[in-house]
2 protein chains.
Amino acid sequence: MGSSILLVSFALVVMILISYEPYSWMGVNASDVPTSCDHYCNQTFESRHQCYKWCEESAHKDHGYKLYGYPYSANTRRVLAVLYEKGLSFDPITVDLRSGEQKKPRFLAINPFGLIPVLVDRDLKLFESRAISQYLATVHRSTCTQLLNHKSYKKMGTETMWMYIESFEFDPPASILTQELAIKPLVGQKPDYKVVNETKPLLEKVLDIYEERLKNSSFLASNNFTLADLFHLPNIQYLMGTPAKRLFENRPSVHRWVAAITARPAWKKACDVKAWYGKKMNGY
Amino acid sequence: MGSSILLVSFALVVMILISYEPYSWMGVNASDVPTSCDHYCNQTFESRHQCYKWCEESAHKDHGYKLYGYPYSANTRRVLAVLYEKGLSFDPITVDLRSGEQKKPRFLAINPFGLIPVLVDRDLKLFESRAISQYLATVHRSTCTQLLNHKSYKKMGTETMWMYIESFEFDPPASILTQELAIKPLVGQKPDYKVVNETKPLLEKVLDIYEERLKNSSFLASNNFTLADLFHLPNIQYLMGTPAKRLFENRPSVHRWVAAITARPAWKKACDVKAWYGKKMNGY
């Protein structure tokens, strides 16, 4: 009987070792393991000790991310917000938009579209702020703020829908108004009020739909803050410093939502230019 | 010794049953299981018999999808291409764009943005063709054509990047040219050639970058056809019937890529208006 127990125990250990292939199903190596160990390891039944070990290694390591960007750039701030929400370390590399550095050969060799931000993660180079954000939110899914729901297809589908609503319904009019009312005055140009007056009703129509949605939901995709909300922040931040802020303030639920998302510490840090320049700077 | 073997066998069976929690980690129920059983079940070591059982049930079931759309609409065709690539059943519900049905109260109650397509999956309603496409490609990840790579964060990141490049770099100029050169002549209007001449160089710049990429890669995100390529199809299909086709044909690698993606049977079916109207039609 003693040998039976031994054999059963041996079989159990072998099965645990076989069935436990941590992260390999996603092609992830140990360096990608989330750092919020308590939260993460409580959710994995098997081999909690091993989980903590990986987690702690990850928490104390340099993530090795390099971010090419400019601290005043709306698209750079979108990625900064994700990095700060996730508590991830990174090296900022300044691409000075004022001197048109993003269109010079040195930078075009990095991103032929001549656009910032660019994230470098070892041998991976990513453009497009929303793609970079999704990548970071997915790789570090269990770290700090949960920016995407990876446990339900339906919730994920709803989040993706609101992310694309931002891209195709909100961003086009909001970007035009940001350009005319915020950026042009910053660089000493006058807004084109014909364009402003044509664009305002387009944004209002979108915000009317947001108002209805936000009457019944704390945030756009669900009652939790997600990437879908975060994607709106850069344009909203600029527009709140212009007369267009009334479009947001006149709608009570939109107003409440704007106050909630702009007050997040990670977002405040993303807008803090000193935080960017205070970091170690690399040439390139 | 006989009882030892029995005990070990029992323990192994128990471990397999415990460790095998099919799909529950993603919040998916059996109805979401992919239908291409051979392909899928060959990749899962455990409980292949059970896998085939689920698969066959799924293959013979009505997926219950309803698609509000219009067979000439570029955005509807994007989702149709995914449905056909995945071999999924759906009920088409025609929203006649010619009579402006998408802006009438009956449809605005379904999508307040007044846009098609809309996918209904039981209690889930999704707008935005790219979000619907991602949802279907994720839920049916192992069925027929693999449109997204879910096994590697890095590959997923690269695919997401190319999807956003389509959204933010390719689609804006391509949509304008589609509107001016394809849609306007279809409804008896003349193109605005000032707009055309301003937009062409923007698309050419994007296609120059695509040309470089496609010299070294069969498709945009990798050597496999993915959603990133599929997203381009609706605009490309329209533009290939206009003088703007030269912009694609003048670039050998882009030309090869366009030929490959437009020749896909799923895409040909997505453009076949008879295939839409040949299906059972629902009122709404």
Q.
Just to confirm the numbers: B:E204, label point 7 angstrom along the Cα-Cβ line, distances to the other copies in nm, shortest first?
A. 4.0
Q. If you rank B:S129, A:S167, A:S99 by fewest surrounding Cβ atoms within 10 Å, what's the result?
A. A:S99, A:S167, B:S129
Q) Taking the label point as lying 7 angstrom from Cα along the Cα-to-Cβ axis, what are the distances from A:K245 to the corresponding position in the remaining copies, in ascending order and in nanometres? A) 5.4
Q) Using the count of nearby Cβ atoms within 10 Å as a rough guide to exposure, how do B:M163, A:M161, B:M240 rank from fewest to most? A) B:M240, A:M161, B:M163
Q. Taking neighbour Cβ counts within 10 Å as the exposure measure, how do B:R77, A:R256 sort from fewest upward?
A. A:R256, B:R77
Q. What nm value, rounded to one decimal, do you get for the distance between B:F113 and A:S152 when each label is placed 7 Å out toward the C-beta?
A. 2.1 nm
Q.
Using a 7 Å offset from the Cα along the Cα-to-Cβ direction at both A:Y72 and A:L202, what is the distance between the two label points in nm, to one decimal?
A. 2.5 nm
(Q) What does the copy distance list look like for A:L97, label position 7 Å along Cα→Cβ, in nm and ordered from shortest? (A) 3.3
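Values in this text are rule-based calculations from the coordinates and carry no lab data. This structure is a prediction, so every number in the text was calculated from the model and none was measured. We place every Cβ from the backbone using ideal geometry, glycine too, and count neighbours over all the protein chains shown.
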